[in-house]
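These notes are about the structure you will find just below.
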């Protein structure tokens, strides 16, 4: 990963302040459990942290980035490779993660004077174009990977790094080293 990518993550997308759809600091959860789509309304309720979660990424090393990427790839590779009719767990995982990052990035809002949005971990799940996103997130369990890094990185940056890691893993020239 080039250092310019790290700088973009730290300074370009790390703001995870409250948004009109309810994103704020994650509340403490006493134990992890598998969430169902109706258990959360906002990404902040899905990506939870047992400690104090980072609302904004302030410092990240390349090794931190690589640790997150390896953890996401490891979770992906732990999924069954079996493909059947309308059943491909790895493709569903990868597609959901990339779709989440894309829809978060495209979700700009304006009140007439101020524009906000972009990669801020604030997704309006009620938007028709986001239909099914909550359901695939509930099945994915990538919130478990985030929980391991939540004190170091914002949800917004985690989504970007995780998505980029999956895209890299799916590249025809992927090199695990």
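The values are calculated or read from the model by the stated rules, or taken from the named source; none is laboratory data. This one's a predicted model, so the numbers in the text were calculated from it and none came from an experiment. All Cβ positions, glycine included, derive from the backbone under ideal geometry; neighbour counts span all protein chains shown.
Before moving on, here are some points about what is shown:
- Any chance residue 167 is in contact (Cβ under 8 Å) with a residue 60 or more places away in the chain, part of a helix (DSSP H, G or I) and closer than 19 Å to residue 38 by Cα: no
- Elements of type helices (runs of 4 or more DSSP H) contained in the stretch 31-123, each with 2 or more residues being within 14 Å of the chain's Cα centre (by Cα), over 15 Å from residue 156 (Cα atoms) and at pLDDT 85 or above: 62-77, 89-106
- Residue in the stretch 102-119 that is in contact with a helix residue (DSSP H, G or I) (Cβ under 7 Å, 6 or more places away or on another chain), crowded, with 18+ Cβ neighbours inside 10 Å and under 17 Å from residue 168 (Cα atoms) present: no
- Taking the criterion of being assigned to a loop (DSSP other than H, G, I, E, B), farther than 21 Å from residue 68 by Cβ and at pLDDT 90 or above, the residues of the stretch 126-152 that qualify are 131, 132.
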